[in-house]
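Bear in mind that the values in this text are calculations on the coordinates, not laboratory data. Just so we're clear, the structure is a prediction, and the values are computed from it rather than from any experiment. Heads up, the Cβs are rebuilt from the backbone with ideal geometry, glycines too, and the neighbour counts pull from every protein chain shown.
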Amino acid sequence: MSEFIKQAEQTALWRRWRQSAEHATEAPDPMLLAAWAEHRLDEASAEAVEAWLAFHPEALEDALAARNVAPPIEASVAAIARGSALVAQRDPKIVPLRRGAPAWRVAATWTSMAASIVIACLVGFELGGGLYAGVLGGGQSDIAFEQTLLDGPAPLFSDFDEEIGS
Amino acid sequence: MAEAKELAALIAGDKAAWDGFVRRYAGLILSAVRGLLREGTEAEDLLQEVLVRLCKDNFRLLKTYDPARAGLTTWLTIVARSTARDLQRRHRPAQTALEDVPETLLAVTDVHQEPLKLPKDLLSPRQHLVLTLLYERDLEVADVAKILGVDPQTVRSTHHKAMLKLRGHFATEDR
């Protein structure tokens, strides 16, 4: 640590402030952080980034590391092959699937489906009505039959009784 | 210029451009994440993770790169390191079981503490960052000046003003 900030009082003041200061919350995106690392931000934007960096030492470390990029490490052939395979070759012979039909076609499909359902319902109603009428007719004949059963006996033996009495 | 053209081709889905990008920047990504590796993590797995992040959702992240605002190597280093840190956070070791914690550590002391009343804008972000770099990263004034792109005298003056503010604030609070 440099000489001029070594005073214990100053360090204590800083620690006391650090422990209780409020944290800024909005994290800058990598582009903004990279621009800050390269001193390409205006004062206001730089201040916003610095307010966040003051409480996020890891991000500060990343920005500083980005400023002094270390020499590259050679990647293995397998690692490069794995990375390359993440993006597939586009074959011009393969026509990509159409992702969505035009709006008029979608509307026509739904309209024809709705019309089919309505027609099916109407036909069903018509057929259902005819059958019901048939059933209703049968019901009427049953009622007539029951009425016949409930009627009193036919006057078949009444003459016979009169003859015995006489 | 050539880099911008290549990136445009890459984003448009040119496989050869992607292959070239991987070959050119794999080493840089590996170098950027060195030192952030957890035990049991392979650097090349991390490289793959960064590349996945770059090309995910039709190169959504790569499309945010703007050559007018920063160099590609700077931006890639930040993306690579933040990916490594995200992975570290995701793979944090499991918490210790409650039974394994000594009872003395679980004891709660009922001490009433007054909330601190700190003015939010007491220090400017620049002052705060200068103090962070000086006191937490133990950097020299010259290094801080280099990081912030200012004169060393500006750093000294910023530090001095910040200390005056802190001294004044805590003196009032302690009274």
(request) Starting with the fewest neighbours, write out B:Val144, A:Val87, A:Val106, A:Val69 ranked by other beta-carbon atoms found within 10 Å of each beta-carbon. (result) A:Val106, A:Val69, A:Val87, B:Val144
(request) Return the distance in nm (one decimal) between the two label points of a simple spin-label model at A:Ala120 and B:Ala2, each offset 7 Å from Cα along Cα→Cβ. (result) 6.5 nm
(request) Distance from a point 7 Å along Cα→Cβ of A:Asp29 to each backbone N in the range B:62-91: keep the residues under 20 Å and list them by number. (result) B:62-86
(message) How would B:Leu122, B:Leu164 line up from fewest to most surrounding beta-carbon atoms within 10 angstrom?
(response) B:Leu164, B:Leu122
(message) Just to verify a number: FRET efficiency for B:Lys56 and B:Val150, C-beta to C-beta distance, R0 = 30 Å, to 0.05?
(response) 0.20
(message) At R0 = 35 Å, how high is the FRET efficiency between A:Val77 and B:Arg89 if r is their beta carbon distance? Nearest 0.05 is fine.
(response) 0.70
